[in-house]
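One structure below.
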């Protein structure tokens, strides 16, 4: 039988048939939605950056969620069954909880939580590598850095270091001292978004 179709039933014993008939509609069978999969793009971000949560499930399902225990919100999964929720927060921890999923006919109560840690991520604006042991190097040892690149004002790369911690003291890749002035960095983290900015070298003793 085809769901949602009307049928007429006639009784027949092989020799004669009943004049009476009946019709009925086959009931639509409803399915319970499947709980979606929740994940985070980056488990740690810098303050002011976006915490990005990804939800994977069935196409066009509607998911109800809350951020940090706030009011309920909804997002509709795409035709590919994917949705992202982006949050900018200065809180130390950003959490999302999935509460319910609906396929338009049935709904399912769920409880799935994911969190993102927010760090200050302050990068020094200058170094003074003059041998006084005060701010002599760019110390980023408290981060997990995949690679650091330093460029001069003309856009030429002058220094590069993978798995960087605190090795740059204003020198070029060949070990020569770079002139005092403004330089630009690109920092690729293992657990944060790539960060760019400027830093000043000043070797003058005060």
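The values are calculated or read from the model by the stated rules, or taken from the named source; none is laboratory data. These numbers come from a predicted model, not from an experiment. Here Cβ is always computed from backbone atoms with ideal geometry, including for glycine, and neighbour counts include all displayed protein chains.
Criterion first (in contact with a strand residue (DSSP E or B) (Cβ under 7 Å, 6 or more places away or on another chain) and at pLDDT 95 or above) does residue 61 satisfy it?
In short, yes.
Yes/no per residue for (1) within 30 Å of residue 67 (Cβ to Cβ); (2) buried (at least 17 other Cβ atoms within 10 Å of the Cβ); (3) in the same structural domain as residue 43 (by TED's automatic domain parsing); (4) free of Cβ contacts under 8 Å to residues at least 24 places away in the same chain:
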| position | (1), (2), (3), (4) |
| --- | --- |
| 109 | yes, no, yes, yes |
| 139 | no, no, no, no |
| 151 | no, yes, no, no |
| 154 | no, no, no, yes |
| 163 | no, no, no, yes |
| 173 | no, no, no, yes |
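For the stretch 118-151, what are the residues that are within 24 Å of residue 47 (Cα to Cα) and in a strand (DSSP E or B)?
Within the stretch 118-151, 118, 119, 126, 127, 145, 146, 147, 148, 149, 150 meet the criteria.
Confirm whether residue 135 is assigned by TED's automatic domain parsing to the domain that holds residue 180 and in contact with a strand residue (DSSP E or B) (Cβ under 8 Å, 6 or more places away or on another chain).
Taking the combined requirement at face value, the residue satisfies it.
Quick one: in the stretch 175-194, of everything that is surrounded by 14 or more Cβ atoms within 10 Å (Cβ to Cβ) and more than 18 Å from residue 127 (Cα to Cα), which residue is modelled with the highest pLDDT?
Checked the stretch 175-194; the qualifying residue modelled with the highest pLDDT is 188.
Consider residue 115 carefully, then state whether it is touching a residue at least 24 places away in the same chain (Cβ under 8 Å), under 25 Å from the mean Cα position of the chain (by Cα), surrounded by fewer than 16 Cβ atoms within 10 Å (Cβ to Cβ) and in a loop (DSSP other than H, G, I, E, B).
no
Of 71, 78, 31, 66, which residue is at pLDDT 85 or above, part of a strand (DSSP E or B) and closer than 30 Å to residue 113 by Cα?
After applying the criteria, what remains is 66.
Return a yes/no flag: does the stretch 91-98 have any residue that is farther than 16 Å from residue 192 by Cβ and modelled with pLDDT under 90.
Within the stretch 91-98, one or more residues are farther than 16 Å from residue 192 by Cβ and modelled with pLDDT under 90.
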